[in-house]
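Here the structure is laid out as structure tokens; the discussion comes afterwards.
The values are calculated or read from the model by the stated rules, or taken from the named source; none is laboratory data. Note that the coordinates shown come from a computational prediction; the quantities given were computed from them, not determined experimentally. Every residue, glycine among them, receives a Cβ derived from its backbone with ideal geometry; neighbour counts consider all protein chains shown.
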Amino acid sequence: MSIISHLDLDTFFVSVERLLDTRLNARPVLIGGVTDRGVVASCSYEARAFGIHSAMPMRMARELCPEAIVIRGNTANYTKYSKIVTEIIRERVPLFEKTSIDEFYVDLTGMDKFFGSLKLVSDLRTTIIKETGLPISFGLAANKTVSKIATGIAKPNNELHVPHGTEKPFLAPLSVRKIPMVGAKTYQTLRNLGVKKIKTVQEMPCDMMGRVLGKHGEVIWKKANGIDKSPVIPYSERKSISTERTFDRDTTDVEKLRGILVAMAENLAFQLRRGEKLSACITVKMRYSDFDTRTMQVRVPYTSADHIIIPKVKELFEKLYNRRLLVRLIGVRFSHLVNGGHQINIFDDTEEMINLYQAMDKMRDRFGDRAVIRASGMGARTIGRFNPFSGEPPPLLANRRQ
């Protein structure tokens, strides 16, 4: 019998901000784009009381709660604390899967012979809270689906164990919206059929769910009945790092676009060097005002050097920007990552250049990522945000707390 625990750091971005500024405690807090075109990446429970939720337009959130404190957020800080939690989990469990910057699955199958699974994951939660100061909840059950739903019921900052054999009665009274895979469209379809509770799905024939919802119907029926054989996939580090920026106003200012791209590339290259990573593929992304999105990439020898990466980014931009239309979004992505420090090219690199990189990186480590920047990137007041705000895996590396 499998024993799976799902752990979720409660309102993670907000919790990190509160660690850094206790004045935010017990206040409605919104994390995300600070302009009206931005969206809410995370919000406190105090803000949720006003009907605010993640992915809501920031303008609407402000209208619902005018007194809310709006913070752009610092991805580097979130990554730092996510990495700390990840290392705590890595040291204490035999197998875990990291599904996002703040969610984990832990496979504790067989651990009852030694410690007791509930005690082990409960002690793990206590350790995380003690060492990081972050609230975290977990659900413990026989599979991923039930443990994730249990975590949602346990929140905030609590734990819930669903013993083997009690999955169906535990799930029965809950809303079908609690089932993973049931999004807004599927939920509405089920509501139109009069299906509101998971118990109703449990009582339906499996083939009927297939006729109503197609290929996903059978999967949803199994989840409603507490059946899920999906394994915990061992965590491995991501293979790319990226950032992008959506403009408050669409622009054709070519110099502005070039400057922001340079600033993005320079910052990401620093992140590579800090994490002792090299990239072999550079991608530039551009979205026009009509939402037509174009990308272009180029392969390069494994590198983390600005003077190799930035010219390639500029080159890709010049090839992409040929429609002369208003630009809504630009982004840079480095992929095909491997471990390793910058390989000195005996023909092109000089001792002065290597010393310069080391000196600049030391200043950035001490005073912040933007402490030293190229003149061409100075016009970029902000360089955008990393992928966690779009639901992708966490950024590769973290800044140190300033």
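In table form, for the structure just shown:
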item: Strands (runs of 3 or more DSSP E) (entirely within the stretch 1-63) containing at least 2 residues that are at pLDDT 95 or above, within 19 Å of the chain's Cα centre (by Cα) and within 26 Å of Phe96 (Cβ to Cβ); result: 4-9
item: Number of positions in the stretch 1-31 that are within 14 Å of Ser137 (Cα to Cα) and hydroxyl-bearing (Ser, Thr, Tyr); result: 3
item: Which listed residue, of Val232, Val284, Val219, is under 30 Å from Lys144 (Cβ atoms) and not in a loop (DSSP other than H, G, I, E, B); result: Val219
item: Neighbours by Cβ (under 6 Å, 6+ apart or cross-chain): first from the stretch 242-253, assigned by TED's automatic domain parsing to the domain that holds Thr283 and over 7 Å from Gly331 (Cα atoms); second of a type in the set (Ser, Thr, Tyr) and exposed (fewer than 15 other Cβ atoms within 10 Å of the Cβ); result: Asp248/Thr35
item: Residue that is farthest from the chain's Cα centre (by Cα), among those in the stretch 137-178 that are among the hydroxyl-bearing types (Ser, Thr, Tyr) and not in a helix (DSSP H, G or I); result: Thr166
item: Which numbered condition Gly194 misses (of (1) within 31 Å of the chain's Cα centre (by Cα); (2) part of a loop (DSSP other than H, G, I, E, B)); result: (1)
item: Which numbered condition Ala184 misses (of (1) under 21 Å from Ala224 (Cα atoms); (2) crowded, with 20+ Cβ neighbours inside 10 Å); result: (2)
item: Residue selected from the stretch 111-136 under the condition in a helix (DSSP H, G or I) and touching a strand residue (DSSP E or B) at 6+ places or on another chain (Cβ under 7 Å), by the criterion surrounded by the most Cβ atoms within 10 Å (Cβ to Cβ); result: Val121
item: Residues satisfying the stated conditions in the stretch 7-32, i.e. surrounded by 21 or more Cβ atoms within 10 Å (Cβ to Cβ) and either among the aromatic types (Phe, Trp, Tyr) or farther than 24 Å from Ser147 by Cα (or both); result: Phe12, Phe13, Val16, Glu17, Pro28, Val29, Leu30, Ile31, Gly32
item: Residue identified as more than 30 Å from Asn77 (Cβ to Cβ), exposed (fewer than 13 other Cβ atoms within 10 Å of the Cβ) and not hydrophobic (A, V, I, L, M, F, W, C) among Lys229, Lys199, Lys222; result: Lys229
item: Residues of the stretch 64-110 satisfying the condition of being assigned to a helix (DSSP H, G or I) and of a type in the set (A, V, I, L, M); result: Leu64, Ala76, Ile84, Val85, Ile88, Ile89
